[in-house]
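This report refers to the structure that appears directly beneath it.
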Amino acid sequence: MIKVESLEKIYPGRKGQAAVKAVDRISFEVQEGELLGFLGPNGAGKTTTVKMLCGLIRPNSGRIFINGIDLIQRRIAALQEVSAVLEGNRNIYWRLTAQENLEFFAAIRGLKPSGISSDIDYYLELFNLTEKRNVEARKLSRGMQQKLAIAVALISQSKVVLLDEPTLGLDVQASYEIRQLLKGNVKEQGRTVILTTHDMNVVQDTCQRVIIVNEGRIAANDSVDNLMDLFKVKVYRINVQGGLTAEQREALLGMEEAVIEEETSARTSISVRLEESQVLYRVIGILESGQSLIESIDQEQNNFERVFLQILEGGPQGA
Ligand SMILES: Nc1ncnc2c1ncn2[C@@H]1O[C@H](COP(=O)(O)OP(=O)(O)OP(=O)(O)O)[C@@H](O)[C@H]1O
Ligand SMILES: [Mg+2]
């Protein structure tokens, strides 16, 4: 449904500043019905990529196909199938009510008001906005505005939905609701979704596959499950009684694979990334040298946040 070939964006430098290569010849594809997470640290090029995919900015080079249509050569036709919510909620009109926003955007997409009134009711209900249907968007809470912005993107029935940080700044409840919505409704309808986020709960919860970008380049492109597997059984947590001696602390701090997670007079907790068993022997040796009493050694629950950080550091994935 989406195909990106060697996409590049360079922002020209202004006032003597250097130009910024925000996106550095990336290529990827997204299949129909897929929900792809687009992750990366601040400034990695996520928003820039999304803006190119929805035709807001032109790439310096590379190609984008939406449903087989070349976005640069046949912009209008390609964008027929795309709706987007960019950083926050700027795709709604402040002065229109929730319902009017939905009507307006359905209308400009060429949907007939008679046919869409039930759709509008459906989305208002789905996003818990029914009570607020006659309230101007600017008077809604931030979370409600965000939900309305997503509803506006969905009502167009476009095949491709681009969501830039859909849960940014939302409370736990609103974030949860949006995740449920993405998992349920959006999936059922077979939409193809790219979402950018810094929230690893969103990733673990909703995305089948993730692309991790760093400095404009793709650092990983795989399913969440595979990436989690890749880093599995690799982190152990060792708890010892009491604190560490100065020598032990120094030795552990000198090991890249070991992190002192917590140290109090009662207990010290060390996590060890196990790339080879030698590493564990060394840590145990260090602990033994100070006669520390080991209370427990547990395999740490893997979470996607750690996987993400390791990939950015150039972990086993090898980028
Ligand atoms: N309009 C612009 N003019 C010049 N440089 C820009 C512009 N927009 C973004 N950049 C630069 O391009 C790079 C990528 O920015 P982008 O907004 O795409 O990152 P991002 O991955 O969305 O980051 P974040 O997680 O902070 O939202 C950054 O170095 C940024 O400073
Ligand atoms: Mg961004």
If we keep only residues of the range 273-308 that are aliphatic (A, V, I, L, M) and modelled with pLDDT of 90 or more, then the residue nearest to the chain's Cα centre (by Cα) is Ile297
> Within the range 98-106, can one find any residue that is within 23 Å of Thr196 (Cβ to Cβ) and either out of contact with any strand residue (DSSP E or B) (no Cβ under 7 Å at 6 or more places or on another chain) or outside any helix (DSSP H, G or I) (or both)?
Replying inline: yes
Checked the range 1-30 for anything among the β-branched types (Val, Ile, Thr) and closer than 27 Å to Arg191 by Cα; matches are Ile2, Val4, Val23, Ile26, Val30
Within the range 39-64, the residues that are away from ligand 2 (no atom under 16 Å from the Cβ) and either among the polar types (S, T, N, Q) or buried (at least 18 other Cβ atoms within 10 Å of the Cβ) (or both) are Pro59, Asn60, Ser61, Ile64
| What do you reckon, is Ala149 closer than 12 Å to Ile92 by Cα and within 16 Å of ligand 2 (Cβ to nearest atom)? | yes
Among residues of the range 65-82 being assigned to a loop (DSSP other than H, G, I, E, B) and aliphatic (A, V, I, L, M), the residue nearest to Leu162 (Cα to Cα) is Leu71
Only one of Lys159, Lys183 is more than 16 Å from ligand 2 (Cβ to nearest atom), at pLDDT 90 or above and not assigned by TED's automatic domain parsing to the domain that holds Val283, namely Lys159
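If I filter the range 85-96 for residues that are away from ligand 1 (no atom under 16 Å from the Cβ), within 27 Å of Asn201 (Cβ to Cβ) and either among the basic types (Lys, Arg) or modelled with pLDDT under 90 (or both), do I get at least one hit?
Going residue by residue through the range 85-96, those that are away from ligand 1 (no atom under 16 Å from the Cβ) are 91-96.
The next check asks that each one be within 27 Å of Asn201 (Cβ to Cβ); those that pass are 91-92.
In the following step, the residues that additionally are either among the basic types (Lys, Arg) or modelled with pLDDT under 90 (or both) were identified as 91-92.
Yes, the range 85-96 contains a residue that is away from ligand 1 (no atom under 16 Å from the Cβ), within 27 Å of Asn201 (Cβ to Cβ) and either among the basic types (Lys, Arg) or modelled with pLDDT under 90 (or both).
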Per the filter on the range 31-74, residues out of contact with any Lys or Arg (no Cβ under 7 Å at 6 or more places or on another chain), near ligand 1 (Cβ under 10 Å from one of its atoms), over 25 Å from Gly184 (Cα atoms) and of a type in the set (A, V, I, L, M, F, W, C) are Ala44
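Would it be correct to say that Ser265 is of a type in the set (S, T, N, Q), outside any helix (DSSP H, G or I) and in contact with an Asp or Glu (Cβ under 8 Å, 6 or more places away or on another chain)?
Details: of a type in the set (S, T, N, Q): yes; outside any helix (DSSP H, G or I): yes; in contact with an Asp or Glu (Cβ under 8 Å, 6 or more places away or on another chain): no.
Judged against the criteria, Ser265 is not a match.
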For the range 1-30 the number of residues that are away from ligand 1 (no atom under 12 Å from the Cβ) and part of a loop (DSSP other than H, G, I, E, B) is 2
Picking from Gly55, Gly33, the residue that is under 24 Å from Ala77 (Cα atoms), touching a residue at least 40 places away in the same chain (Cβ under 8 Å) and part of a loop (DSSP other than H, G, I, E, B) would be Gly33
Here the qualifying pairs (Cβ atoms under 7 Å; residues six or more apart or on different chains; first in the range 101-119 and touching a residue at least 40 places away in the same chain (Cβ under 8 Å); second part of a loop (DSSP other than H, G, I, E, B) and polar (S, T, N, Q)) come out as Phe105/Ser156; Ala106/Ser156; Arg109/Ser156
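The values are calculated or read from the model by the stated rules, or taken from the named source; none is laboratory data. Because the structure is a prediction, the values reported are computed rather than measured. We place every Cβ from the backbone using ideal geometry, glycine too, and count neighbours over all the protein chains shown.
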